[in-house]
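Comments concern the structure below.
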Amino acid sequence: MTQRKNAHALTPAESTRYKNAINTMLSDIANPYGKLVAIHGDMSHDMHGMDLTGEQRFLPWHRDYLLMLEKALQQIDPATFIPYWDWAVNKAVPPWIKTFKPTVVVPGVGTIRVKRKVSISATKDVTTIMARATFTDFTNHLESGPHNQIHNEIGGAGGTMADIRISPADPIFWLHHGNIDRLWSQWQVTHPSKNPTLTGAARIMDPWPETETQLRSITKLGYSYI
């Protein structure tokens, strides 16, 4: 069972493992990290709330996306995991990642040198979002609220996180989405029967084979948040 930990509570060894594993992916001639970034830039996967299907796919698709990176990291170092940045409690960027701004070659886009701001403007209030009664209401407010706000604030004008085509090039993307996924997992505990309403091909989190149903339980997927 992988335990995903708060990014502000990592030991030096844990934060170094995360950075080293990403650097190993970046140095791989097959460019697995850049290829993973490029997947997020392909809007044909319909994984954001720009239409009715995308709003339902946003959370399960990104859960699968996180797993794809984490599995790749653990092939390099089995002790590695994706930390989460709880920006509702601590708005400061975790100190150990402030200067970790790699250069990433993204297929179809080019060479990206990660740019970002160093902090967000205000602590995010998720209490009202966590009280939303339906999945659609919950996911819409989570995505349009703190999810988008963090992307735009960390990205700033011309920054990596603000550009949907390349935002995962910034290693902080995964910490941010780790927290989004953590909040969903907590909401699921109190709303066990509330799930995305997807049918047919939309249930498959392409380009991977997992279905939305297979992605509902983080315990069955082999990880937890502590």
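Results, tabulated for the structure shown:
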{"item": "Segment 206-226 - residue that is touching a strand residue (DSSP E or B) at 6+ places or on another chain (Cβ under 7 Å) and part of a loop (DSSP other than H, G, I, E, B) and, of those, least open to solvent (accessible area, probe 1.4 Å)", "result": "GLY222"}
{"item": "Residue that is without any contact (Cβ under 8 Å) to a residue 12 or more places away in the chain, exposed (fewer than 14 other Cβ atoms within 10 Å of the Cβ), of a type in the set (S, T, N, Q) and farther than 20 Å from SER15 by Cα, where the choices are THR123, THR134, THR99, THR127", "result": "THR127"}
{"item": "Unmet criterion (only one of (1) open to solvent by 40 Å² or more (accessible area, probe 1.4 Å); (2) under 16 Å from the mean Cα position of the chain (by Cα); (3) acidic (Asp, Glu)) for ASP181", "result": "(1)"}
{"item": "In segment 72-96, the residues that are under 21 Å from ILE166 (Cα atoms) and either touching a Ser or Thr at 6+ places or on another chain (Cβ under 7 Å) or exposed (fewer than 15 other Cβ atoms within 10 Å of the Cβ) (or both)", "result": "LEU73, VAL93"}
{"item": "Residues (open to solvent by 10 Å² or more (accessible area, probe 1.4 Å) and more than 19 Å from ASP86 (Cα to Cα)) located in segment 141-161", "result": "GLY156, ALA157, GLY158"}
{"item": "Matching entry among THR134, THR103 (being among the β-branched types (Val, Ile, Thr), farther than 21 Å from ARG182 by Cα and at pLDDT 95 or above)", "result": "THR103"}
{"item": "Those helices (runs of 4 or more DSSP H) lying entirely in segment 119-191 with at least 3 residues more than 28 Å from PRO102 (Cβ to Cβ)", "result": "127-130, 135-142, 172-190"}
{"item": "Only listed residue being under 24 Å from GLY155 (Cα atoms), modelled with pLDDT under 95 and buried (at least 16 other Cβ atoms within 10 Å of the Cβ), chosen from GLY49, GLY41, GLY34, GLY54", "result": "GLY49"}
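The values are calculated or read from the model by the stated rules, or taken from the named source; none is laboratory data. It should be emphasised that the depicted structure is a prediction, and the values quoted were computed from it without experimental measurement. For neighbour counting, all protein chains shown are included, and Cβ atoms are generated from backbone atoms with ideal geometry for every residue, glycine included. Calculation scope for accessible area: heavy atoms of the full protein, side chains included, ligands and nucleic acids excluded. Shrake-Rupley method; radii C 1.70, N 1.55, O 1.52, S 1.80 Å.
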